[in-house]
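*Asks:* I have a structure I would like to understand better, so I am pasting it below and will then ask my questions one at a time.
The values are calculated or read from the model by the stated rules, or taken from the named source; none is laboratory data. These figures come from a predicted structure and were not determined experimentally. Glycine also receives a Cβ, built like all others from the backbone with ideal geometry; neighbour counts cover every protein chain displayed. Quick note on the areas: whole protein, heavy atoms, side chains included, nothing else; ligands and nucleic acids left out. Shrake-Rupley method; radii C 1.70, N 1.55, O 1.52, S 1.80 Å.
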Protein chains: 2
Amino acid sequence: MCVDCGCHTSEEHSHPKRRISLEGDLLAANDRLAAENRAGFESGDIFTLNLLSSPGSGKTSILERTVAELTISVAVIEGDQQTGNDAARIEAAGARAVQVNTGSGCHLDARMVSGAADELGLESGSILFIENVGNLVCPALFDLGEAVRVVIVSVTEGEDKPEKYPYIFRNADLCLINKIDLLPYLDFDLEALKKSALSVNPDLFFIELSARDGRGFPSWLSWLEERKKVASGRRATA
Amino acid sequence: MCVDCGCHTSEEHSHPKRRISLEGDLLAANDRLAAENRAGFESGDIFTLNLLSSPGSGKTSILERTVAELTISVAVIEGDQQTGNDAARIEAAGARAVQVNTGSGCHLDARMVSGAADELGLESGSILFIENVGNLVCPALFDLGEAVRVVIVSVTEGEDKPEKYPYIFRNADLCLINKIDLLPYLDFDLEALKKSALSVNPDLFFIELSARDGRGFPSWLSWLEERKKVASGRRATA
């Protein structure tokens, strides 16, 4: 991290003043704790996903429907600067949830996830969703110990978001394209969005869905169950 | 700023490890440079606005239409992690623009704005829009030397955004509520959004508009001209 400008950078960038890189200390400490989280999740057969997006792309709405439709046991860690609104919504949908408020902080880190996971008391064979703080920038660099990263973008945002915010798309395994029920009322080019995303991450996989009317949810739930099965299988043969 | 978790905080928050606050150095240095920017803008009769929002709320689309409809001379500083897309859009709309790419950085700072303003060569009596990096968290703490702060939220986001991301709403002078052309297709409660925003900033003023069909633009342009006149008047009597 660069403390001259305060950004979470893993790259050199010029400043007229003294530059101290604390990146090594900060990210290495987080990475060590994330590796501990990952080992704990894997040994407990807990399939963990880190959900990343801008504020308002529909992460919580997707989770509400996912919790209601999935037959597997689910728990959720909710990250927000303030309020317990999202955890309350998830609990109303039928899953256990813990809210982490970051105050003026801009992302979750491995330590926060470790504490929240302890509080949840996760069941073996379950899925843990971590809904990160709504932010397309800072959460990109912080490993939480997740098995997969899911970036969510809605069709009411611009098609060039991936190129403008490449770090968050570069390390994602899946891109959920939400709010497709609104496509008839927008001038949005789905193929342009995918092209932009593939230009920064050629391996990215896409699922189009609508948390409002449920379109695309069969694909999303199948993807989840399949990936969970693969992760559990790997664990069994390890 | 807290270098244990890397967030741009102005508040204490607990960490199990050593906490070093560099907030004083970092923000004080930025504030000094922002004060210099502000003095330069005021003496040059340049009315400067800092536009803040999540990615995809329509900042650039609002600016495109504003540039096309305003009769006052306009220049724009565009902040994004990467690409020159937004500056190209603004230039195509008819205003001078400079793109600032922050790399993996999450906000503009006063130094970046100073450099970009020099490059633009601003005219006396003009308006300077600074479109910050799309991020509802980190830009809140960084004064750029602007006369007013405008937060933009779209009706495709959740109504509780202001309470979840209070810092950015607390210091704003105006809230533009964008994409109101989509209201008939959404379950969005405008009054709930305003109530949430007023709970963190009782003085916030709202203008509802649509960058797509131009609704609300007469109010926004009048607000701009009125506030610019007041700022110029203050300068004349100083």
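*Asks:* Given the conditions (1) of a type outside the set (A, V, I, L, M, F, W, C); (2) open to solvent by 30 Å² or more (accessible area, probe 1.4 Å); (3) over 14 Å from the mean Cα position of the chain (by Cα), report the number of the one that B:Asn171 does not fulfil.
*Replies:* The one condition B:Asn171 does not meet is (3).
*Asks:* Under 21 Å from A:Lys164 (Cα atoms), touching a Gly at 6+ places or on another chain (Cβ under 9 Å) and either within 14 Å of another protein chain (Cβ to nearest Cβ) or open to solvent by 50 Å² or more (accessible area, probe 1.4 Å) (or both): is that true of B:Asn101 in this structure?
*Replies:* yes
*Asks:* Can you tell me which residue in region B:174-186 is nearest to A:Ala211 (Cα to Cα), limited to those that are in a helix (DSSP H, G or I) and open to solvent by 10 Å² or more (accessible area, probe 1.4 Å)?
*Replies:* The extreme case among them is B:Tyr185.
*Asks:* Let me ask another. In region B:206-238, which residues are loosely packed, with under 13 Cβ neighbours inside 10 Å, modelled with pLDDT of 95 or more and among the polar types (S, T, N, Q)?
*Replies:* B:Ser222
*Asks:* If you go through region A:102-120, how many residues are in contact with a Cys (Cβ under 7 Å, 6 or more places away or on another chain) and basic (Lys, Arg)?
*Replies:* 0
*Asks:* Still on this structure: Could you please find all residues in region B:44-82 being free of Cβ contacts under 8 Å to residues at least 40 places away in the same chain and surrounded by fewer than 20 Cβ atoms within 10 Å (Cβ to Cβ)?
*Replies:* B:Ala68, B:Thr71, B:Gln82
*Asks:* Considering only region B:88-96, I want to know if a residue exists there that is buried (at least 24 other Cβ atoms within 10 Å of the Cβ), in contact with an Asp or Glu (Cβ under 7 Å, 6 or more places away or on another chain) and part of a helix (DSSP H, G or I).
*Replies:* The answer is yes, given that some residue of region B:88-96 is buried (at least 24 other Cβ atoms within 10 Å of the Cβ), in contact with an Asp or Glu (Cβ under 7 Å, 6 or more places away or on another chain) and part of a helix (DSSP H, G or I).
*Asks:* Continuing with this model, one more query. Hey, can you tell me all the residues within region B:106-135 that are in contact with a His (Cβ under 7 Å, 6 or more places away or on another chain) and either within 11 Å of chain A (Cβ to nearest Cβ) or without any contact (Cβ under 8 Å) to a residue 12 or more places away in the chain (or both)?
*Replies:* B:Cys106, B:Val133, B:Asn135
*Asks:* Across region B:114-136, which residue is farthest from B:Phe169 (Cα to Cα) among those that are part of a loop (DSSP other than H, G, I, E, B) and open to solvent by less than 10 Å² (accessible area, probe 1.4 Å)?
*Replies:* Ranking the qualifying residues of region B:114-136, first place goes to B:Ser126.
*Asks:* Of the residues that make up region A:77-84, is at least one of a type in the set (A, V, I, L, M) and either within 14 Å of chain B (Cβ to nearest Cβ) or over 12 Å from the mean Cα position of the chain (by Cα) (or both)?
*Replies:* Checking region A:77-84: not a single residue is of a type in the set (A, V, I, L, M) and either within 14 Å of chain B (Cβ to nearest Cβ) or over 12 Å from the mean Cα position of the chain (by Cα) (or both).
*Asks:* Here's another thing I want to ask about it. Just to be sure before I move on: is A:Val67 closer than 23 Å to A:Glu226 by Cβ and part of a helix (DSSP H, G or I) in the structure I sent?
*Replies:* yes
*Asks:* Looking at region B:187-205, which of its residues are surrounded by fewer than 17 Cβ atoms within 10 Å (Cβ to Cβ), under 27 Å from A:Gly158 (Cα atoms) and in contact (Cβ under 8 Å) with a residue 24 or more places away in the chain?
*Replies:* Residues satisfying the conditions are B:Asp189, B:Leu190, B:Ala192, B:Phe205.
*Asks:* Can you pull out every residue in region A:153-181 that is basic (Lys, Arg) and at the interface with chain B (Cβ under 10 Å from one of its Cβ atoms)?
*Replies:* Within region A:153-181, A:Lys161, A:Lys164, A:Lys179 meet the criteria.
*Asks:* Among (1) within 13 Å of chain B (Cβ to nearest Cβ); (2) free of Cβ contacts under 8 Å to residues at least 40 places away in the same chain, where does A:Leu141 come up short?
*Replies:* With respect to (1) within 13 Å of chain B (Cβ to nearest Cβ); (2) free of Cβ contacts under 8 Å to residues at least 40 places away in the same chain, A:Leu141 is out only on (2).
*Asks:* Out of curiosity, is A:Val150 more than 14 Å from chain B (Cβ to nearest Cβ), open to solvent by less than 10 Å² (accessible area, probe 1.4 Å) and within 16 Å of the chain's Cα centre (by Cα)?
*Replies:* Against the criterion (more than 14 Å from chain B (Cβ to nearest Cβ), open to solvent by less than 10 Å² (accessible area, probe 1.4 Å) and within 16 Å of the chain's Cα centre (by Cα)), A:Val150 qualifies.
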